[in-house]
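First up is the structure itself, then whatever we jot down about it.
Derivation of every value follows stated rules applied to the coordinates shown; laboratory data play no part. This one's a predicted model, so the numbers in the text were calculated from it and none came from an experiment. Counting neighbours? That spans all protein chains shown, and the Cβs are built from the backbone with ideal geometry, glycine included.
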Amino acid sequence: MKVTKVCCQGCGSPLAVNETIRYATCNHCGSNLEIIHDPSVTHTRILEKLERTTDTLADDVKILQLQNDLQLLDREWERYRETVCFRSENGTLSEPSAAFPAVVRGVTIGGGIILCMAVWLGNLPWGMALLGIAVPILGNYAAHSYAGGLRDYRRAKERYQSRRYGLVAAIASLRGSPEPPRKRPAFPARIRIPFMRSGRVES
Ligand SMILES: [Zn+2]
């Protein structure tokens, strides 16, 4: 069998290989080599560099996919916000207000009391007392469903932020960044919804 002398591409040491060998490890420096048998010349190529390049490419593809996911997530969240938040005059979206249910309850209960007082003092017909009772009940119902919507919004926001954090951290680790931003976006620590049984603590 024909034996050819080749040089290790890692350290330059002479290596003897026969023509059937395609891969070899240099005994001097430990490089993994591919033996390339061209018609005119036999030479070696370091495999690790090749693998490293392939790994880097795969990471780049993964980073692109994750960045794409991130964009989709942000766009999805913005679309959701459009449906839930209020657009102010200057065009910015403002989140549902935690104070709103309390205001609705306060105003409707106050209105109901005033109506009933007016009936009691004889300024209004008796039928208006029914309205004085119905208004706070309706107000309470509206406030309750608003508070439920607010809770859904806050849960969705938490889900969005934790998914976003996961994507950002994954991209940072693929890029080899030392530390992904560990702090998650701040969110009101305690949400007090008046007249609800408990204020949920979120972190
Ligand atoms: Zn070598």
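Quick check: net charge around Thr56, other residues with Cβ under 13 Å of its Cβ, Lys/Arg +1 and Asp/Glu -1? Taking every other residue near Thr56 into account, the sum is -1. Straightening the chain between Arg151 and Val3 buys 45.6 nm, computed as 0.36 nm per residue apart minus the Cα-Cα spacing. Viscosity 1.306 mPa s, temperature 10 °C: give me the Stokes-Einstein translational D for segment 1-147 in µm²/s, with Rh taken as the Kirkwood radius over C-alpha pairs. My calculation gives 68 µm²/s for D.
Measuring nothing but how far apart in sequence close Cα pairs (under 8 Å, 6+ apart) lie, relative to its length, the chain scores a relative contact order of 14 percent.
Can you figure out the FRET efficiency of Glu48 with Ser94, using R₀ = 45 Å and their beta-carbon distance, to the nearest 0.05? For Glu48 and Ser94, the calculated efficiency is 0.20.
With helices defined as uninterrupted DSSP H runs, which ones in the chain have an alpha carbon span along their own long axis of at least 27 Å and mean Kyte-Doolittle hydropathy of at least 1.0? All intermediate terms of the calculation are to be shown ahead of the outcome.
Details: long enough: 47-84 (55 Å, -0.91); 100-120 (30 Å, 1.70); 127-174 (71 Å, 0.04).
Taking the DSSP H segments of the chain (at least 27 Å long, mean hydropathy at least 1.0), we get 100-120.
Classify segment 24-86 as rounded, prolate or oblate from the Cα gyration tensor: take a ≥ b ≥ c as the square roots of its eigenvalues, call it rounded if a/c is under 1.5, otherwise prolate when a/b beats b/c and oblate if not. In terms of gyration-tensor shape, prolate. About the centre of its Cα atoms, the chain shows a dipole size close to 720 debye [charges on the beta carbon of Lys, Arg (+1) and Asp, Glu (-1) only; nearest 20 debye]. Evaluated with a Cβ-only charge set (Lys, Arg +1; Asp, Glu -1), segment 3-50 carries a dipole of roughly 60 debye about its Cα centre, given to the nearest 20.
Could you tally the net charge around Val17, taking each other residue with its Cβ under 14 Å from the Cβ of Val17, Lys/Arg +1 and Asp/Glu -1? That works out to +1. A Förster radius of 35 Å, combined with the Cβ-Cβ distance separating Val103 from Ala58, puts the computed FRET efficiency at roughly 0.05.
Ranking Asn27, Thr44, Tyr141 by Cα position along the charge dipole of the chain, where only Lys, Arg, Asp and Glu carry charges on their C-beta atoms, puts Tyr141 farthest toward the positive end. Rounded to the nearest 20 debye, the dipole magnitude of segment 95-174 is 420 debye, with +1 charges on Lys and Arg beta carbons, -1 on Asp and Glu beta carbons, and the Cα centre as origin. Taken over segment 135-175, the alpha-carbon convex hull comes to 28 cubic angstrom per residue.
Using a simple spin-label model with pseudo-atoms 7 Å out from Cα toward Cβ, Ile114 and Glu78 lie 4.3 nm apart. With K and R counted +1 and D and E -1, the other residues having a Cβ less than 13 Å from that of Ser31 yield a net charge of 0.
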